[in-house]
């Protein structure tokens, strides 16, 4: 890139210097034509005399206005080479060095931008990976929490069912025990009442109506006695 810029600068400089030299040559030629030297005036007089003779003897060639003076050409070449040397030593080298530094700076900036872009891509990929892992972890935690809640609910239900069954069984056992005790007490009370009644019947010589009345009184007393013991 730097060599292309340098070559372009050289071409432009050469073209500019060539145009300047050509313009200088034209200006010097024009000045010489407008202000002729004594030698040139003498030559012009001889040329006019020769021209008069040429009118009788033949045609005479005209002077070319673009004819380049040798001294002027040498002077122009020396100035041009000197200018090229000065530009090459004091202008083109600093310009080339500045272009090299600028190119290196741009290359470093591009490399730094590429590194930053790659680092950003790596960070984005890492964050995406972490986010995906976090989502999977949260999902696993939620699933585990649901399973734990379901298991805890089932355990609580089983415990409540077992407790209710125990309470029911205990109540049934208590009822059966109370029922057995009541039947036993009822049997004992009935036996005692029967014995008392039989003793009274045996001791008392009663008629049939009295006997029937004692039985009725005993039957009426039986529920009251059972209720009082219960």
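Only one entry of 119, 137 meets the criterion of being within 30 Å of the chain's Cα centre (by Cα) and modelled with pLDDT under 90, and that entry is 137. Inclusion of residue 217 among residues that are outside any helix (DSSP H, G or I) and at pLDDT below 90 is not warranted. The residue that is modelled with the highest pLDDT, counting only those in the stretch 66-90 that are exposed (fewer than 10 other Cβ atoms within 10 Å of the Cβ) and not in a helix (DSSP H, G or I), is 67.
The values are calculated or read from the model by the stated rules, or taken from the named source; none is laboratory data. Worth saying up front: this structure is predicted, and the values here are computed from it rather than measured. Here Cβ is always computed from backbone atoms with ideal geometry, including for glycine, and neighbour counts include all displayed protein chains.
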